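J.: This is the structure, below, for whatever I ask next.
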Amino acid sequence: YMIRNDNQVSFHIAVDDKEAVQGIPLERNAWHTGDGNGNGNRKSIGVEICYSLSGGDRYYKAEDNAAIVVAQLMKQYNIPISKVRTHQSWSGKYCPHRMLDEGRWNSFIERVQNVYNGGGNNMKWTMRSGGLGVSLAQEIMDKLAEFKVKGNLVYEADGIFYLQCEPVDDRNKLGAITWYFRDYKGWYCEVYQV
């Protein structure tokens, strides 16, 4: 990617569902945060997570791998968790867009901290979902069944259906469901750690 582009865009490390690849020596700056000659580009390490647009489950595995890479960088360079930042925090650039879209930045930071503390990525995850419309509620239940996740719908007096989902080890399953329903109006889907 960086060899063939002339967009003045670069990063130090790209992480996918299988591995992490370093493209630039860490002591050199990369053009990744959108803040020009600011500290984001000049003094931080750029870690990009692959497949954020089209990867489905591959993206969530890449995100898990990125948590491991970031924790390793924290240990190697004595970086506190408070210094792990989004590109958005440097310049307003909406990145990491998928994590921000799905409201999971804080969850990512928790995973990084857990890996840093030696806990690995073995956490339990569940999903909250709710909104109007029984047809969409049934569609969500069908999607849960497809991913072999147990859950049930609760109809509240306010006219809103809520989905309750049993905790699972594989957050990727739930992430794929929230991604599938991300554009439905009047419904929300959120994955969180339990």
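The values are calculated or read from the model by the stated rules, or taken from the named source; none is laboratory data. Predicted, not measured: the structure shown is a model, and the values here were computed from it. Reconstructed Cβ throughout: ideal geometry from the backbone, glycine too, with neighbour counts over all protein chains shown.
J.: Considering each residue of region 62-91, count those that are more than 18 Å from the chain's Cα centre (by Cα) and among the small types (Gly, Ala, Ser), and give that number.
T.: Matching residues across region 62-91 total 1.
J.: Regarding Tyr94, is this residue touching a Phe, Trp or Tyr at 6+ places or on another chain (Cβ under 6 Å), assigned to a loop (DSSP other than H, G, I, E, B), surrounded by fewer than 19 Cβ atoms within 10 Å (Cβ to Cβ) and aromatic (Phe, Trp, Tyr)?
T.: Considered against the rule, which asks whether it is touching a Phe, Trp or Tyr at 6+ places or on another chain (Cβ under 6 Å), assigned to a loop (DSSP other than H, G, I, E, B), surrounded by fewer than 19 Cβ atoms within 10 Å (Cβ to Cβ) and aromatic (Phe, Trp, Tyr), Tyr94 comes out as no.
J.: Would you call Asn106 buried (at least 19 other Cβ atoms within 10 Å of the Cβ) and either part of a helix (DSSP H, G or I) or assigned by TED's automatic domain parsing to the domain that holds Ile177 (or both)?
T.: No: the conditions fail for Asn106.
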